[in-house]
Every structure is written in structure tokens, then in C-alpha cells.
Amino acid sequence: MRAVRIHAHGGPETLRVDEVPEPEPGPHDLLVRLRATSVNHRDVWIRRRHPHPAYHVELPAILGIDVCGDVVAVGDEVTGFRAGDRVTANPYMHCGRCRRCTRGDFQHCTGFSVYNGTYAELFLVPAAFAVTIDPSVPDEHVAAFPNTYITAWQMLVGKAQVSAADTVFVWAGTSGLGGAAIDIARVAGAKVITSAGNDEKRAVLRERSGADLVLDHNAPDLVERVLDATDGEGASIVFEHVGQATWERSLELCAVGGAIVSAGATSGDDARMNVTYMFVKQVRILGSRLGTMADAVAAARHLDAGRFRPLVGAVLPLEEVAKAHRLMEEGRTIGKVIVTP
């Protein structure tokens, strides 16, 4: 079968189409045939060899964490799935053995792993982390769902406990994670303010996202515009996934007693802030990563119901994964970059 692998770290040119043996399912696995996947910053960071151990993999490696496919075969001990099922999967795989897991605190598992392997025609998925998806949902929407929507669900629902009483500010609303946050905040009934860096992206957000206000995140008066739109209060929840370039403004536009929930640093890790300003405003800073199976199942039901409509910026064949990575790194696409077999 065909699979795209990296044999060394580096630029997009390290992604190579190889012929590899078809995987055989173990007793607890599903063998899944690819319908679609998507490119995530995580894939890029692994390829570049990000210094954090969470992004280290053994080479050669098949990247790709977003599952959209059809079950071809099931392991001998698998129940609840059968050949022909259309599935996605939660990329966050808790260990089930550490002290946190034995207490049911799966989100804080200390031995977790993150799924890889969807840049291939066939791949294995542990059945414990798979979720069936209604056939009516477009493949591109399913492929855009796992990493972004499950992560955003944990951030907004699990951590920040978003409700209709909130105003949620979302940086970079045309990004995969930003778009997911807008959809989830709207389902919760919250007011949504979002941003984008150019006129084309802002026009798409105004037309398609359902956000209440769309701003230029490069504008010097962005914080003032948020305060004006909230009667001087600011956003009760700031959805942070950019990091270094936005962190100081996130604190400035966050309401007194509000929360900044963060699960990314796409602009860099060296984020700075005025600590006194933070504690005087009594801002809660909530770190988050991926999401549990409870998050995955809850979010998937909204996907099935058509309440989530991810922005899709490009659809490319498996042979052009390197081009898909370039599009992700350039940041010019409006929405997710999808890869199909």
C-alpha cells in the first residue's frame, strides 16, 4: 500500500511516498481505509523536530493524526464496530494505567500518547479511541474534526465551562482550532468575537462563521474594539492558541475574573505578560491539551447533527502531502488543508 513517510527531519521535501506492507489488526484494533485526513501544526512540528519530547517519533514515521475512514476489519476482541463502519478517532490516547487514569482523570494522564499514521491508504486505530460518524457528514468535515474540535471542546466546555452568558474572543478564526472554537461557542449560545489577519479571511468569517464581530488581529486598536463591543468589560473567555504574538493582548482584552484558555503556541513559546495586571484582574489562565473520549463523543454528536461546519481551504491527494505542509506553513489557506487517497 502507499504511505507518506519521513525518513529524516527537515522541510516538506522529507515527506516521501513509499510502498509499505499493509498493517494487520491486533486483537483490539480496527483496520481502517483512508477516506480523508488533514494537516495539523503537530505534523509540521514533528517533521521539523520540535524540541519538546511530545513531538518526537521514531523514524521512518507515517504522520497524520486526523482519522476519517471505513473499517475494513476488526480485531478478535473488538466489540461495537464492524466492517463498513465509518469512523473517526480521538488522537489523545490515555494510558489507562497511571494514577490519574485509575481515578478516572483521563485528561491529566501522565503516560498518554498521541496518534499518528493517517498519511496512508490503510492504518490501524485502537478501537477504544474510535467513534462512529453518520454517513451524511462530508468526509472533509470529518477529517477536519478530531484534533481541532476535540481540543476546542475540552478547552471551552471542559476547562472554561462556556455558557450563553459568556463573550468568547477567538484568535485567528480561519485556522482549524479557531474555527472549531467559534462553532462550539455558538452551540453554547455565547457571543463570539474573532479575528483574522487579512481582508479575504475576515470576509469569509463574516459570511460563514456566524461570529458576532470580526476584527483585524494586526490592528493597533484591537483591544479597544473588543472593549467597545463588550461595554468596557472585555471577553469573559479568551481562546488562546497563538502564544507569543498575542499573549499580552489576550490579557488586556480579558474581562475581570475572566479566563484565558490556551492549547497552542503557533507563533512561539516566549509569551510575556504583566503579572500584576493578571492578578489584579483575577484572570484565570487554563492550560489544555487535546481532549478525552467523553469530549470526543460529545463533540461528535454535534458533528453528526450538522452543527459543526469546518472551513476547508484546500483538498489535495496523498501524493501531494508535501504541498499540503507548505500551505500550512505559509498560512495562506482559509481553513483546513485536507488530504484524500
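The values are calculated or read from the model by the stated rules, or taken from the named source; none is laboratory data. It should be emphasised that the depicted structure is a prediction, and the values quoted were computed from it without experimental measurement. As a convention, Cβ positions derive from the backbone with ideal geometry for all residues, glycine included, and neighbour counts pool all protein chains shown. Only protein heavy atoms, including side chains, enter the accessible area calculation; ligands, DNA and RNA are left aside. Shrake-Rupley method; radii C 1.70, N 1.55, O 1.52, S 1.80 Å.
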- Query: Taking square-rooted eigenvalues a ≥ b ≥ c of the alpha carbon gyration tensor, is region 90-179 rounded, prolate or oblate, where a/c under 1.5 means rounded and, failing that, a/b exceeding b/c means prolate?
  - Reply: oblate
- Query: Using alpha carbon centroids, what distance separates region 90-104 and region 143-194, in Å?
  - Reply: 24 Å
- Could you state the number of Å between the C-alpha centres of region 247-286 and region 306-341? 30 Å
- Message: Could you work out how much longer the chain between SER113 and VAL297 gets when fully extended? Use 0.36 nm per residue separation minus the Cα distance between them, nm to one decimal.
- Response: 64.4 nm
- Query: Is region 1-147 best put as rounded, prolate or oblate by its Cα gyration tensor, with a ≥ b ≥ c the root eigenvalues, rounded for a/c under 1.5, and otherwise prolate when a/b is larger than b/c, oblate when not?
  - Reply: oblate
- Item | Separation in nanometres of the label points that stand 7 Å from Cα toward Cβ, at HIS50 and LEU286 | 2.1 nm
- Query: Which listed residue (ALA324, THR246, VAL131) has the Cα farthest towards the positive end of the charge dipole for the chain, taking +1 on Lys and Arg C-beta and -1 on Asp and Glu C-beta about the Cα centre?
  - Reply: THR246
- Item | Sparsely packed trypsin sites (Lys or Arg not before Pro) within region 223-319, loop by DSSP, other Cβ within 10 Å at most 11 | ARG272
- Item | Choice from GLU140, GLU233, GLU121 with maximal GNM fluctuation in the chain (Cα, 10 Å cutoff) | GLU233
- If you take every DSSP beta bridge whose two residues both sit in the chain, what share of them, in percent to the nearest 5, is antiparallel? 55 percent
- Please work out which option in (i) 55, 51, 36; (ii) 56, 55, 53; (iii) 59, 44, 39 gives Cα extents along the principal axes in Å calculated from these coordinates, and answer with its label. (iii)
- Query: Residues of the chain: accessible area per residue at 1.4 Å, in Å²?
  - Reply: 43 Å²
- Query: Against the longest principal axis of the chain, how steep is helix 176-187, in degrees 0 to 90 to the nearest 10, with axes from Cα atoms?
  - Reply: 70 degrees
- Query: Stretched out fully, how many nm does the piece from GLU13 to HIS28 gain, at 0.36 nm a residue minus the Cα gap?
  - Reply: 1.9 nm
- Task: Could you tell me what percent of the accessible area of region 213-341 is made up of carbon and sulfur, with a 1.4 Å probe and every protein chain present?
- Result: 49 percent
- Mean separation of Cα contacts under 8 Å, 6 or more apart, over the residue count of region 184-341: relative contact order %: 14 percent
- What percent does the relative contact order of the chain come to when contacts are Cα pairs within less than 8 Å and at least six residues apart? 19 percent
- Message: About the Cα centre, and with charges only on the beta carbon of Lys, Arg (+1) and Asp, Glu (-1), how big is the dipole of region 169-298? Nearest 20 debye, please.
- Response: 300 debye
- Message: Springs between alpha-carbon pairs under 10 angstrom, Gaussian network model over the chain: which of LEU303, LEU251, LEU59 fluctuates most?
- Response: LEU59
- Item | Selection from ILE338, VAL256, GLY287 lying farthest towards where the dipole of region 241-341 points positive, charges on Cβ | VAL256
- Note on the structure: the chain, Gaussian network, Cα under 10 Å: of VAL280, VAL238, VAL297, the residue fluctuating most is VAL280
- Message: Tell me the angle of helix 293-304 to the major Cα principal axis of the chain, expressed in degrees between 0 and 90 and rounded to the nearest ten.
- Response: 90 degrees
- Item | Test item: Cα-centred dipole of the chain, Lys/Arg +1 and Asp/Glu -1 on Cβ, debye | 520 debye
- Message: Under a Cβ-only charge scheme (Lys and Arg +1, Asp and Glu -1), can you give me the dipole magnitude of region 1-96 about the Cα centre, in debye to the nearest 20?
- Response: 460 debye
- Note on the structure: Between VAL256 and ARG332, Cβ-based FRET efficiency (R0 41 Å, step 0.05) works out to 0.65
- Looking at region 1-102, which GluC sites (Glu not before Pro) are in a loop (DSSP not H, G, I, E or B) and have at most 16 other Cβ atoms within 10 Å? GLU58, GLU77
- What number, in percent, do you get for the relative contact order of region 232-275 if the mean sequence gap of Cα pairs under 8 Å and at least 6 apart is divided by its residue count? 49 percent
